[in-house]
């Protein structure tokens, strides 16, 4: 009886310890990724492991950074204000001017000294029927017509051209002329606006002359010609000197 009681007490005492030991061994063997397995990405609350395959984090607006298009620094930039025409089609008074200061007289042509915005002024030159002659600060010529009738092939000329969006009125020309003793006694100005039909005469050699012009709402090139005739001899000269200009309105 006493022996049986001792065996039962021993069994009750040893049994729980053996069971505890068996459970601990089984847990350790069931863990396929031991703490020493550095090849597996373990994460705990203190050391989270980032997933490199996860989508990029959204920005403050909730749009992923990768969805925001890059700034194109090479694209066109917007000016502070549109570039305008600088006042083209809005001018009155002297529209184009020539300055003969320093010219030898027998030069082939003289470029315009100035023209308003919206107007192009070509160089002044002589027709092929005239001959250049020396004369400081001028464009000087001989071989003018000795007839009392104008010779339409002998003239000085220049062309003014408005921008396509502009309309040109020419109301007058201002020209400073000088003639030799044998030079033309009569001069005239005409324009291509009426195919040089209207000839406005003036007396050359008396300094500056203001000559009326009748060009209205021209939208293309206008040629201006200065004729001289009724010379005493073909060796006589007439020159445009100092300045020559045309006035009117550009609108």
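Things worth noting here:
- So residue 125, is it within 22 Å of residue 196 (Cα to Cα), in contact (Cβ under 8 Å) with a residue 24 or more places away in the chain and in a loop (DSSP other than H, G, I, E, B): no
- Within segment 226-251, residues that are at positive phi and touching a residue at least 40 places away in the same chain (Cβ under 8 Å) sit with their Cβ atoms under 9 Å from residues that are assigned to a strand (DSSP E or B) and buried (at least 24 other Cβ atoms within 10 Å of the Cβ), at 6+ positions apart or across chains, in these pairs: 242/138; 248/95; 248/168.
- The residues of segment 180-213 that are on the phi < 0 side of the Ramachandran plot and modelled with pLDDT under 95 amount to a single one, 206.
- Annotation: of all residues in segment 145-168 being under 22 Å from the mean Cα position of the chain (by Cα) and loosely packed, with under 15 Cβ neighbours inside 10 Å, the one that is nearest to residue 190 (Cα to Cα) is 164.
- Being within 16 Å of residue 157 (Cα to Cα) and surrounded by 24 or more Cβ atoms within 10 Å (Cβ to Cβ) holds for only one residue in 239, 225, and it is 239.
- Number of residues in segment 187-208 that are buried (at least 19 other Cβ atoms within 10 Å of the Cβ) and assigned to a strand (DSSP E or B) equals 5.
- Selected residue [surrounded by fewer than 20 Cβ atoms within 10 Å (Cβ to Cβ) and under 39 Å from the mean Cα position of the chain (by Cα)] from 138, 127: 127
The values are calculated or read from the model by the stated rules, or taken from the named source; none is laboratory data. Everything numeric here is computed off the predicted structure, so don't read it as measured data. So basically every Cβ, Gly included, is an ideal-geometry build from the backbone, and we count neighbours across all protein chains shown.
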